[in-house]
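**Q** Could you have a look at this structure, given as structure tokens, before my questions?
Read the figures in this text as sums done on the coordinates, not as results from a lab. Everything quoted here is computed from the prediction, not taken from an experiment. Cβ coordinates were reconstructed from backbone atoms using ideal geometry, including for glycine residues, and neighbour counts include every protein chain displayed.
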Amino acid sequence: MKLHQIPVQIFNLDHTLRCGQVFRWQKKGDEWIGVVKNSVILAKQEDEILTVKSDLAAEEIASYFRLDDDMEKVYGQIGKDKLMKEAIARYRGLRLVSQDPWECLISYVCSRNAPIKKIKSVIFNLSKNFGNVIKSDDHIEYTFPEPDVIAGTTLDKLGMCGFRYGKKQAREILEIAKLVSGNNFDLERLKKHSYLDAKEELMNLRGVGHKVADCVLLFSLDKLEAFPIDVHMRRLMRREYFQDKNVSDDKIRELAREYFGKYAGYAQEYLFYHERSYGGGK
């Protein structure tokens, strides 16, 4: 493993990895352990130095953590009200991460109506059962399975991973894997599409609704205007921005994109973390 010491500004590793956007990181002592691009990463932060042990290049690590995002510009765009400014102050340095689109898509299909602990368990089972072992120092991890591997397995074997919706969800994932492995659905190509066009294509996949599509667009396809809505965000937006407990998700998404602009996705993640931490969500 290579040792990288990367200078950082306006970056908080703990907030970034705890906020709920990623599922394959765990903290042991003062160090975070994760898997990125089929490589084990050990990361810790002391003040403005991010220390990383990994086979990845420093540039790949910086890209994953979106260290080139101009956070002062982001804050200037989204910090429009008291609640948003409070969330920014509390979680300053939280950055979106740039995930692999395939892994992100399958992870969020697995996430529907499931607590984070359950999601992590399912993704671990997928990786252990269908990925490859990767060892680094004393750490044993597993790669996320490639589309052709998932496409080549059986519904029964896939169903043993413990999905929230059992064989129904396994069938969705198997179908998506067959499309991707057969070159009938190109995730990378969606980066070149507009947000709305890319979202429409994603939602043609079985098991992908508004929330899953927006998560994939935001966390892996560079669509920073995406504003995922789950039970936590619905509750917060209805309470704080509409004072209406019945307003629709469509109206929430429309307001968010107009109000927060091209960085609405950053606003979402700060508000989501804030609501889960202090608004009664778990």
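**Q** Given 0.36 nm per residue, what is the gain on full extension from Glu254 to Glu200 after removing their alpha carbon distance, in nm?
**A** Using 0.36 nm per residue and subtracting the Cα-Cα distance, I get 17.9 nm.
**Q** Just to verify a number: FRET efficiency for Lys37 and Lys85, C-beta to C-beta distance, R0 = 30 Å, to 0.05?
**A** Efficiency for this residue pair is about 0.25.
**Q** State, to one decimal in nm, how far the label point of Arg92 lies from the label point of His193, with both points 7 Å from Cα in the Cβ direction.
**A** 3.9 nm
**Q** Along the charge dipole of the range 153-282, which of Leu218, Val180, His232 sits closest to the positive end, that is, farthest toward it, with unit charges on the beta carbon of Lys, Arg, Asp and Glu (+1, +1, -1, -1)?
**A** His232
**Q** Among residues other than Glu31 whose Cβ falls under 10 Å from its Cβ, what is the net charge (Lys/Arg +1, Asp/Glu -1)?
**A** +3
**Q** When a/c reaches 1.5 or more, the comparison of a/b and b/c decides; with that in mind, is the range 2-68 rounded, prolate or oblate per its Cα gyration tensor?
**A** The shape class here is rounded.
**Q** With +1 on the Cβ of every Lys and Arg and -1 on the Cβ of every Asp and Glu, and nothing else charged, how large is the dipole of the chain about its Cα centre, in debye rounded to the nearest 20?
**A** 1180 debye
**Q** Sorting Ser121, Ser220, Ser248, Ser98 on the 10 Å Cβ count, fewest up front, what's the list?
**A** Ser248, Ser121, Ser98, Ser220
**Q** Taking +1 at the Cβ of each Lys and Arg and -1 at the Cβ of each Asp and Glu, which of Leu96, Cys19, Ala62 sits farthest along the dipole of the chain towards its positive end, judged by Cα position relative to the Cα centre?
**A** The residue sitting farthest along the positive end of the dipole is Cys19.
**Q** For the range 231-278, what is Rg from Cα atoms divided by 2.2 N^0.38 Å, rounded to two decimals?
**A** 1.06
**Q** Among the trypsin sites (Lys or Arg not before Pro) in the range 208-254, which ones are in a DSSP loop with at most 15 other Cβ atoms within 10 Å of the Cβ? Mind listing them?
**A** Taking the range 208-254 and a limit of 15 other Cβ atoms within 10 Å, the loop trypsin sites (Lys or Arg not before Pro) found are Lys245.
**Q** Subtract the Cα-Cα distance of Tyr165 and Ala57 from 0.36 nm times their separation in residues, and report this length gain in nm to one decimal.
**A** Here the answer is 35.0 nm.
**Q** Send over the per residue convex hull volume for the range 141-282, Cα only, as a whole number of Å³.
**A** 138 Å³
**Q** While we're on this one: What Kirkwood Rh does the range 43-147 have if only Cα atoms enter the pairwise 1/r average? Answer in Å.
**A** Roughly 16.7 Å, rounded to one decimal.
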